[in-house]
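Read the structure below first, then the notes.
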Amino acid sequence: MSFAIADQKISNYKKYSKTNSDYKLQKLDVSFEHPWGITSLNNEEMIISEKGGGLFKFNKKNAGKTQINHNIQHVEYKPGGKQGGLLDVYFNPNDEYLYFTYSYDHDGKFSSSAIAKGKFQANEITDFQNLLIATPKLKENRHYGSRIVIKDDNLYAGFGERGGEMIAQDPKTHPGSIIRIKTDGSVPNDNPHFKSHPDWLPEIYSIGVRNPQGITLTPENDVLFSSHGPKGGDHIAIAQPGANFGWKHISWGGSEYTGIKIGKSPFDDQFTSTKLNWVPSMAISSVQFYFGQTFPEWQGDLIVCSLNGESLIRLDFEEGDIVGEEVILGGDIGRIRDFEIDQDGDIYLITDQRKSPVWKLTR
């Protein structure tokens, strides 16, 4: 159920109807400690990252897991304390590298969101390379983002504003932005810095985002990302060159956690529009368009997972517009952090908890 304010859609996930699609939900006999990312390596194996630094190869046929050795210098993650750690993992079949986002530990006091890559060989990460370490380094241990998607040879990632709020409006800093770099770490020559915004850092593609934890390609090959609002204001939007999504001048219908209003209005025409906004917050995490045979009725629709909402949601997309919403899972398995759709169309899900199993959604 949605309504509009100034042509911006605000939606309440708690009022969505339950899906009519039949499915089976299977709990696989394996566990991970606060997993963050899951990516397909091939049609039998996946790679799963844990916030505490664990990295594993997971066999979806027999639920076996194998530890992968690495030397990623990430912030120590402590459940119930700091955010950050080892975050997203993304396998690029074009160059057979694993790409990572993580919280780079400068000296135990300062940290940065970071993007890196490495080769997966003989159960270890070799040829490890940091592609981008965000500047400035900051003390605050929250709102790192971040997810990865690769389009052609360009890598897109969302960097959170680290709790710095208005730093998201400063294009001379990386926090609070959508990043676009080449897979070798160089900068595309058509990024905003080289076209219309010479004062922007070269790696920045869009600004004004709060804490983006999902990113994917649309059927039209655009880059769509999801981001946490404050108390309300979770949203999805299309990343565009030179775009400013408005944080913290606007809050997409949200407010401070104390209930205090943010900005003069929820939206402002001077900032780039979002596709859909949620009030109350469901703590949106990963997003991915569905293309598979298991659930043919979901073809081309956006699958969304949430943490506080403990939901897996389908947004019915028709020609780029959202024409319907439904809940697939709601409170069934806990806080859903990420999911991966395999080549057959089965969906594998991980949850943000100690001893998280892998869940399989199939028929």
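The values are calculated or read from the model by the stated rules, or taken from the named source; none is laboratory data. Values in this document were obtained by computation on a predicted structure and should not be read as measured data. Because the Cβ atoms are built from the backbone with ideal geometry, glycine has one as well, and the counts that use them run over all protein chains shown.
For GLU140, are the conditions met, namely being of a type in the set (Asp, Glu) and modelled with pLDDT of 95 or more?
Considered against the rule, which asks whether it is of a type in the set (Asp, Glu) and modelled with pLDDT of 95 or more, GLU140 comes out as no.
Can you pull out the residues in segment 175-194 that are farther than 15 Å from PRO241 by Cα and buried (at least 20 other Cβ atoms within 10 Å of the Cβ)?
Within segment 175-194, just PRO175 meets the criteria.
Restricting attention to segment 209-227, which residues are under 16 Å from the mean Cα position of the chain (by Cα), closer than 21 Å to PHE317 by Cα and not in a strand (DSSP E or B)?
Matches in segment 209-227: THR218, ASP222.
Would you say ASP127 is under 22 Å from the mean Cα position of the chain (by Cα) and of a type in the set (Asp, Glu)?
For ASP127, the condition - under 22 Å from the mean Cα position of the chain (by Cα) and of a type in the set (Asp, Glu) - is not met.
Here are some conditions: (1) more than 26 Å from ILE236 (Cα to Cα); (2) not in a strand (DSSP E or B). LYS14 meets all but one. Which one does it not meet?
The single condition LYS14 does not satisfy is (1).
Using beta carbons and a limit of 7 Å, which pairs, at least six apart or on different chains, have the first residue in segment 228-239 and outside any strand (DSSP E or B) and surrounded by fewer than 24 Cβ atoms within 10 Å (Cβ to Cβ) and the second one modelled with pLDDT of 95 or more and of a type in the set (Val, Ile, Thr)?
GLY232/VAL279; ALA239/ILE178; ALA239/VAL223
Kindly provide the set of residues from segment 312-363 that are of a type in the set (Ser, Thr, Tyr) and within 22 Å of GLY80 (Cα to Cα), ordered by number.
THR351, SER356
If a residue must be touching a strand residue (DSSP E or B) at 6+ places or on another chain (Cβ under 9 Å), on the phi < 0 side of the Ramachandran plot and not in a strand (DSSP E or B), how many such residues does segment 187-208 contain? Please lay out each step first, then the result.
Restricting attention to segment 187-208, the residues satisfying the condition of being touching a strand residue (DSSP E or B) at 6+ places or on another chain (Cβ under 9 Å) are 187-188, 191-193, 197, 200-208.
Checking the rest, the ones that are also on the phi < 0 side of the Ramachandran plot come to 187-188, 191-193, 197, 200-207.
Now restrict to residues that are not in a strand (DSSP E or B): 187-188, 191-193, 197, 200-203.
Residues that pass the stated criteria total 10.
For segment 142-170, give me the residue count where each residue is crowded, with 21+ Cβ neighbours inside 10 Å and part of a loop (DSSP other than H, G, I, E, B).
5
Of all residues in segment 70-80 being touching a residue at least 40 places away in the same chain (Cβ under 8 Å) and surrounded by fewer than 19 Cβ atoms within 10 Å (Cβ to Cβ), which is nearest to ASP338 (Cα to Cα)?
For segment 70-80, the residue satisfying everything is PRO79.
What number of residues within segment 152-203 are in contact with a helix residue (DSSP H, G or I) (Cβ under 6 Å, 6 or more places away or on another chain) and of a type in the set (Asp, Glu)?
Count: 1.
Among the residues of segment 39-50, are any more than 22 Å from the chain's Cα centre (by Cα) and β-branched (Val, Ile, Thr)?
The first filter runs over segment 39-50 and keeps only residues more than 22 Å from the chain's Cα centre (by Cα), leaving 43-44.
If we keep only those that are β-branched (Val, Ile, Thr) as well, we get none.
Looking for residues that are more than 22 Å from the chain's Cα centre (by Cα) and β-branched (Val, Ile, Thr), one finds none in segment 39-50, hence no.
Sort through SER273, SER306, SER311 and tell me the only one that's touching a Leu at 6+ places or on another chain (Cβ under 7 Å) and closer than 23 Å to VAL149 by Cα. First the steps, then the outcome.
Numbers: SER273 fails: touching a Leu at 6+ places or on another chain (Cβ under 7 Å); SER306 fails: touching a Leu at 6+ places or on another chain (Cβ under 7 Å).
Criteria check complete, one pass: SER311.
Against the definition (among the charged types (D, E, K, R), under 29 Å from ASN42 (Cα atoms) and modelled with pLDDT of 95 or more), how does GLU96 come out, yes or no? Give the steps one after another, and end with the answer.
Details: among the charged types (D, E, K, R): yes; under 29 Å from ASN42 (Cα atoms): yes; modelled with pLDDT of 95 or more: yes.
So GLU96 fits the description; yes.
Consider segment 295-314. How many of its residues are surrounded by 18 or more Cβ atoms within 10 Å (Cβ to Cβ) and either of a type in the set (Lys, Arg) or touching a residue at least 40 places away in the same chain (Cβ under 8 Å) (or both)?
Count: 13.
Only one of these is farther than 20 Å from HIS228 by Cβ and surrounded by 15 or more Cβ atoms within 10 Å (Cβ to Cβ): PHE317, PHE339. Name it.
Answer to the selection: PHE317.
Could you grab the pairs with beta carbons closer than 6 Å, sequence gap of 6+ or different chains, first residue in segment 35-48 and farther than 12 Å from PHE339 by Cβ, second one of a type outside the set (D, E, K, R) and not in a strand (DSSP E or B)?
ASN43/GLN343; ILE47/LEU41
Could you pull out the residue among LYS117, LYS65, LYS57, LYS139 that is among the charged types (D, E, K, R), touching an Asp or Glu at 6+ places or on another chain (Cβ under 6 Å) and surrounded by fewer than 23 Cβ atoms within 10 Å (Cβ to Cβ)? If you could, list the steps in order and put the result at the bottom.
Values: LYS117 fails: touching an Asp or Glu at 6+ places or on another chain (Cβ under 6 Å); LYS65 fails: touching an Asp or Glu at 6+ places or on another chain (Cβ under 6 Å); LYS139 fails: touching an Asp or Glu at 6+ places or on another chain (Cβ under 6 Å).
Step by step, each of LYS117, LYS65, LYS57, LYS139 is checked, and only LYS57 is among the charged types (D, E, K, R), touching an Asp or Glu at 6+ places or on another chain (Cβ under 6 Å) and surrounded by fewer than 23 Cβ atoms within 10 Å (Cβ to Cβ).
Within segment 47-84, how many residues are on the phi > 0 side of the Ramachandran plot and modelled with pLDDT under 95?
2
Could you list, in sequence order, the residues of segment 153-176 that are over 17 Å from the mean Cα position of the chain (by Cα) and among the basic types (Lys, Arg)?
Answer for segment 153-176, where residues must be over 17 Å from the mean Cα position of the chain (by Cα) and among the basic types (Lys, Arg): just LYS172.
Out of THR126, THR101, report the one residue that is in contact with a strand residue (DSSP E or B) (Cβ under 7 Å, 6 or more places away or on another chain), closer than 17 Å to GLY53 by Cα and surrounded by fewer than 21 Cβ atoms within 10 Å (Cβ to Cβ). Spell out how you get there, then give the answer.
Values: THR101 fails: surrounded by fewer than 21 Cβ atoms within 10 Å (Cβ to Cβ).
Exactly one residue qualifies, and that residue is THR126.
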